[in-house]
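Notes for the one structure printed next.
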Amino acid sequence: MNRQTRADEPDHAPIVPRENLDFGLDGDIPKYWMAGDAFKTRFFDAMSTLFPMGEKFFITSVREFRDGVTSPKLQQEVKDFIRQEAQHTLIHRQFNDRLKAQGVDIDAINQQLETMFFVDVPKVTTRTQRLAATAALE
């Protein structure tokens, strides 16, 4: 049986923001933490450097539509989504601080990503396209 879901009635598991997340990122991490493999480690390190600005992009894309949401349930889901993405950002920043201590130029990476996500991308996309990209990537 086909069921069409309206945008104001999400048909999925709810977002459950977590509290007091701790991934053990208080101390140093080995330079090649992924089983001693430099390629695998740096691949995932590169992903982590992307995520804080990516999460900020997702939050911004959703916030651009927040005022038009009338469903209380969807309003709560938007709030929970933004909170969840902010939590993800904090964890990746903690990890990226460890990379910075190893000599990775996180500040330069963030500057380039911020320009890409918040200057370049908005020049060639609409807010609807940015929201669609957020939904697809999330």
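The values are calculated or read from the model by the stated rules, or taken from the named source; none is laboratory data. What you see is a predicted model; the values in this text were computed from it and never measured. Positions of Cβ are backbone-derived with ideal geometry, glycine not excepted, and every protein chain shown enters the neighbour counts.
Annotations
- Looking only at residues of region 61-81 that are in contact with a Lys or Arg (Cβ under 7 Å, 6 or more places away or on another chain) and within 23 Å of residue 119 (Cα to Cα), we find that the one that is surrounded by the fewest Cβ atoms within 10 Å (Cβ to Cβ) is 64.
- Any hit, region 104-125, residues being of a type in the set (Ser, Thr, Tyr), loosely packed, with under 12 Cβ neighbours inside 10 Å and farther than 15 Å from residue 51 by Cα: no
- Any hit, region 18-38, residues being closer than 22 Å to residue 130 by Cα and either modelled with pLDDT of 90 or more or part of a helix (DSSP H, G or I) (or both): no
- Some residue of region 84-94 being at pLDDT 95 or above and aliphatic (A, V, I, L, M): no
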